[in-house]
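Following: one structure in structure tokens, then a few remarks.
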Amino acid sequence: MTAHDPSTRVDVLLTGCDEEDADTVFHALETAFPQAEPVPGPSAQGAGRPTVWSMSLDPRTHRTGAHPESLHGPVSADLFGSPHEVHEVHAALTDAFAVEDRGAVSGDQEIEVRLRLTALSPA
């Protein structure tokens, strides 16, 4: 398998947030997965259309957990990929944010997980 093998990639889509919060989530993922590839700029923006930020990453490059990050508001995150790889990304997000599972849809070899991310409460 190569580093660009699509079966090892996880796509992360963020909605319901401003650019600063999207950058915060992507920074946490880039810390945990050095091979993360954010897609520059939002997509699907326009009147009546939600703004979507996206990133593709290879969870096999997981080197360390992300550190707690601050968010201004909740962020909806959708993770797409094979179950093991999606679990790795979910775990990294749990290190940086309070994560609420909002459901999952399993396919033959892929899973889609919807999460709601908020800032961790102070200890």
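Below is a table of values for the structure above.
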| read-out | value |
| --- | --- |
| Matching residues in segment 47-65 - criterion: being open to solvent by less than 40 Å² (accessible area, probe 1.4 Å), of a type in the set (Gly, Ala, Ser) and at pLDDT below 85 | Gly65 |
| Positions within segment 52-89 being under 10 Å from the mean Cα position of the chain (by Cα) and of a type in the set (S, T, N, Q), in sequence order | Ser54, Ser56, Ser76 |
| Those residues of segment 1-34 which are more than 19 Å from Glu69 (Cα to Cα), open to solvent by 20 Å² or more (accessible area, probe 1.4 Å), modelled with pLDDT of 75 or more and not basic (Lys, Arg), in sequence order | Asp11 |
| Matching residues, segment 81-100, being in a helix (DSSP H, G or I) and in contact (Cβ under 8 Å) with a residue 40 or more places away in the chain | Glu85, Val86, Glu88, Val89, Ala92, Leu93, Asp95, Ala96 |
| Segment 66-122, subset among the polar types (S, T, N, Q) and under 16 Å from Thr31 (Cβ atoms), residue surrounded by the most Cβ atoms within 10 Å (Cβ to Cβ) | Thr94 |
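The values are calculated or read from the model by the stated rules, or taken from the named source; none is laboratory data. All values derive from a computational prediction rather than experimental measurement. As a convention, Cβ positions derive from the backbone with ideal geometry for all residues, glycine included, and neighbour counts pool all protein chains shown. Just so you know, the surface numbers come from the protein's heavy atoms only, side chains and all, with ligands and any DNA or RNA stripped out. Shrake-Rupley method; radii C 1.70, N 1.55, O 1.52, S 1.80 Å.
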